[in-house]
Amino acid sequence: AAREVAAGAMRVICYEAYAASVALARQKGGFPAFDRERYLASPFVAALPAALRDGIARDGIRNSHLTAIAPAGSISLLAGNISSGIEPVFAPDQRRSVMDRSGALETFALTDHAVGVWRKLNGANEGVPPATVTATELGIDAHLDMQAVLQPYVDNAISKTIHIPSECDFASYANVFVSAYDKGLKGCTTFRPSAGAGAVLRNGASPLR
């Protein structure tokens, strides 16, 4: 159900963005490197609805690319820790290390925005909504499948990190990238915790360091 809702939202964003870019091209012309025949033949554009393709053929398009899902982990802090793009919640309470102007790491204790709202509505200082599933609780395929349903509506790339259990063997780890390729993903990022790697994020129950 979550994948269906997410794909529907991204489809609307994509098609509306392309329609707006065609309208801009009608006024100002296409982007400088626009080659009508080659552009319409590209796999992504070839999969757009006929009305959009007809508009591009007639008026051109103002932007070469229109959609992307950017890294939103540290960036989301600017909006009150409200969203991390398509990432599931890492942890209801977490500690995030951010580099300051001097290059030193400063660690902040954070509560996920949705969890914080739920606690406020319920007069609680702890606990999580019943439907909460964290990034580390999701299986690898669940991460990949969410990215896969969005990729058809993202002409650029999607930033997505899959948390790999530390006990994952090499063959299983390598298969993550094979599976991502088979699903048509443009990129795949993984994080596998280890003693020497360090981490930007830690569960809120972990001590500061």
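The values are calculated or read from the model by the stated rules, or taken from the named source; none is laboratory data. Keep in mind it's a predicted model, so treat the numbers as computed, not measured. FYI the Cβ positions are ideal-geometry reconstructions off the backbone, even for glycines, and counts take in every protein chain you see. Accessible surface is based on the protein model in full, side chains and every heavy atom, while ligands, DNA and RNA are left aside. Shrake-Rupley method; radii C 1.70, N 1.55, O 1.52, S 1.80 Å.
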* Asked: Is it the case that Arg62 is at pLDDT 95 or above, in contact with a Ser or Thr (Cβ under 6 Å, 6 or more places away or on another chain), buried (at least 16 other Cβ atoms within 10 Å of the Cβ) and of a type in the set (Lys, Arg)?
  -> yes
In region 25-49, anything open to solvent by 70 Å² or more (accessible area, probe 1.4 Å) and aliphatic (A, V, I, L, M) is listed as Ala33, Ala41, Ala47
Residue count, region 127-159, condition hydroxyl-bearing (Ser, Thr, Tyr) and outside any loop (DSSP other than H, G, I, E, B), comes to 1
Against the condition surrounded by 18 or more Cβ atoms within 10 Å (Cβ to Cβ) and outside any loop (DSSP other than H, G, I, E, B), how does Arg96 come out, does it pass?
yes
Met10 meets each of (1) among the hydrophobic types (A, V, I, L, M, F, W, C); (2) surrounded by 13 or more Cβ atoms within 10 Å (Cβ to Cβ); (3) in a helix (DSSP H, G or I); (4) out of contact with any Pro (no Cβ under 9 Å at 6 or more places or on another chain) with one exception, condition (4)
How many residues of region 18-48 are in a helix (DSSP H, G or I), polar (S, T, N, Q) and over 11 Å from Asn63 (Cβ atoms)? The answer is 1
Of the residues in region 105-152 that are of a type in the set (A, V, I, L, M, F, W, C) and open to solvent by 80 Å² or more (accessible area, probe 1.4 Å), the one that is farthest from the chain's Cα centre (by Cα) is Leu121
Among (1) of a type outside the set (A, V, I, L, M, F, W, C); (2) in a helix (DSSP H, G or I); (3) surrounded by fewer than 13 Cβ atoms within 10 Å (Cβ to Cβ), Tyr15 falls short only on (3)
Pairing a residue in region 8-20 that is in contact (Cβ under 8 Å) with a residue 12 or more places away in the chain with any residue that is part of a helix (DSSP H, G or I) and of a type in the set (A, V, I, L, M, F, W, C), where Cβ atoms lie under 7 Å and the two sit 6 or more apart in sequence or on different chains, gives Met10/Leu150; Tyr15/Leu52; Tyr18/Leu52; Ala19/Leu52
- Does any residue of region 71-88 turn out to be closer than 24 Å to Ala2 by Cα, part of a helix (DSSP H, G or I) and open to solvent by less than 30 Å² (accessible area, probe 1.4 Å)? yes
Within region 129-141, the count of residues that are of a type in the set (Gly, Ala, Ser) and more than 19 Å from Pro193 (Cα to Cα) comes to 1
